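Structure first, commentary second.
The values are calculated or read from the model by the stated rules, or taken from the named source; none is laboratory data. Quick caveat: nothing in here was measured; it's all calculated off a predicted structure. Note that we place each Cβ from the backbone using ideal geometry, even for glycine, and neighbour counts take in every protein chain shown. Side chains are part of the model used for accessible areas, which takes the heavy atoms of the whole protein and leaves out ligands, DNA and RNA. Shrake-Rupley method; radii C 1.70, N 1.55, O 1.52, S 1.80 Å.
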Amino acid sequence: MKRVAMVLAAFDADIVCLQEVENRALLEQFVAEHLPDMGYEVVLFEGNDSRGIDVALLSRLPIKAVTSYRHLRFIDSEGVVQQFRRDLLRVSIGGNLEAAVYVVHFKSQWGDHASDVIRESESAALLGVVQQELARNPGYRAVIAGDFNEVPDMPTLQKLRAGGLVDPMLGTDKYSYNREPYLTRIDFAMCTASLAETIKSAEIVDKSPVAGVKLEDASDHYPLVVFFASAGR
């Protein structure tokens with residue numbers, strides 16, 4: 001936790017999207033003990049994972065509204081009723097961002113074809129939620145960030161790009177999962193077109209910003225860092 005906190009403090013991000021968090025109380029304790037001066041507010045709902053690993057968000061920008069889609073049901077390509085394996089967490093952020101931030105953690109690769117079907121259904125359900133908002137407001141500003149547990153050229157990500165979402169790191173040769181033998185890019189920050197237009201930079205960070213602390217010793221995933229121009233500028 002100390003290593004994670006040192007890395008987060010060095011990045012000094014206004015918004016932090018997290019996966020595999022045990023519970024809200026633990027995250028609040030982590031922030032209070034290790035990041036007391038960052039000004040972060042914690043957002044976390046208990047999700048659907050039987051192991052209790054949740055998605056969460058830290059923000060020091062104003063939080064306007066929060067929605068959990070953990071109860072949403074949808075049908076996969078084989079006619080089976082599914083739900084998000086953890087949650088789809090949507091947080092409406094004000095201040096300099098003025099956008100919705102969705103945090104995801106799709107089904108793992110364990111299970112081969114069966115897990116592929118689940119991830120693809122999660123992707124389709126996510127896209128449906130975002131496209132409903134775009135139908136109401138074509139200028140809808142949103143970023144969907146997290147662990148998609150899938151590589152860029154597979155249907156899970158193809159669906160999102162075909163649906164109009166922008167992958168600002170498309171074409172990078174960097175990987176985000178940093179454990180052998182996989183070394184793959186499975187983490188993304190997909191944006192609606194309106195928000196993508198405001199991106200100043202977007203990268204997978206594989207070099208530690210903290211002297212003496214390896215990113216690999218803080219997490220098995222490298223962080224994704226995206227800078228947006230301030231809203232209204």
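When the range 166-184 is filtered for residues that are closer than 30 Å to Ala135 by Cβ and in a loop (DSSP other than H, G, I, E, B), the ones remaining, listed by number, are Asp167, Pro168, Met169, Leu170, Gly171.
Might you check whether a residue that is surrounded by fewer than 17 Cβ atoms within 10 Å (Cβ to Cβ), of a type in the set (S, T, N, Q) and either without any contact (Cβ under 8 Å) to a residue 60 or more places away in the chain or assigned to a loop (DSSP other than H, G, I, E, B) (or both) occurs anywhere in the range 46-54? Yes.
In this structure, is Phe188 in a strand (DSSP E or B) and buried (at least 21 other Cβ atoms within 10 Å of the Cβ)? So that I can check it myself, show each step before the final result.
Details: in a strand (DSSP E or B): yes; buried (at least 21 other Cβ atoms within 10 Å of the Cβ): yes.
For Phe188, the condition - in a strand (DSSP E or B) and buried (at least 21 other Cβ atoms within 10 Å of the Cβ) - is met.
Residues in the range 197-207 that are within 20 Å of Ile186 (Cβ to Cβ), of a type outside the set (Lys, Arg) and part of a loop (DSSP other than H, G, I, E, B): Val205, Asp206. Residues in the range 72-104 that are of a type in the set (A, V, I, L, M, F, W, C) and part of a strand (DSSP E or B): Phe74, Ile75, Val81, Leu88, Leu89, Val91, Ile93, Ala99, Ala100, Val101, Val103, Val104. Exactly one residue out of Val21, Val42 is in contact with a helix residue (DSSP H, G or I) (Cβ under 9 Å, 6 or more places away or on another chain) and within 16 Å of His105 (Cβ to Cβ), and it is Val21.
To keep it simple, each residue is scored yes or no on (1) within 18 Å of the chain's Cα centre (by Cα); (2) within 16 Å of Phe228 (Cα to Cα).
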{"position": "Gly164", "(1), (2)": "yes, no"}
{"position": "Gly171", "(1), (2)": "no, no"}
{"position": "Ile199", "(1), (2)": "yes, yes"}
{"position": "Ala202", "(1), (2)": "yes, yes"}
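Of the listed requirements (1) surrounded by fewer than 22 Cβ atoms within 10 Å (Cβ to Cβ); (2) within 19 Å of the chain's Cα centre (by Cα), Arg86 misses just one: (1).
All but one of (1) farther than 22 Å from Asn149 by Cβ; (2) open to solvent by 10 Å² or more (accessible area, probe 1.4 Å) hold for Ile93; state the number of the condition that does not hold. Going through the list (1) farther than 22 Å from Asn149 by Cβ; (2) open to solvent by 10 Å² or more (accessible area, probe 1.4 Å), Ile93 breaks only (2). Of all residues in the range 27-45, how many are assigned to a loop (DSSP other than H, G, I, E, B), in contact (Cβ under 8 Å) with a residue 12 or more places away in the chain and open to solvent by 50 Å² or more (accessible area, probe 1.4 Å)? Selection size over the range 27-45: 2. Looking only at residues in the range 208-233 that are assigned to a loop (DSSP other than H, G, I, E, B) and touching a strand residue (DSSP E or B) at 6+ places or on another chain (Cβ under 8 Å), the one that is nearest to Val16 (Cα to Cα) is Pro223. Taking the criterion of being in contact (Cβ under 8 Å) with a residue 60 or more places away in the chain and touching a helix residue (DSSP H, G or I) at 6+ places or on another chain (Cβ under 8 Å), the only residue of the range 142-166 that qualifies is Val143. If you go through the range 129-162 and keep only what is more than 20 Å from Ile15 (Cα to Cα), assigned to a loop (DSSP other than H, G, I, E, B) and either of a type in the set (Val, Ile, Thr) or within 17 Å of the chain's Cα centre (by Cα) (or both), you end up with Asn149, Glu150, Val151, Pro152.
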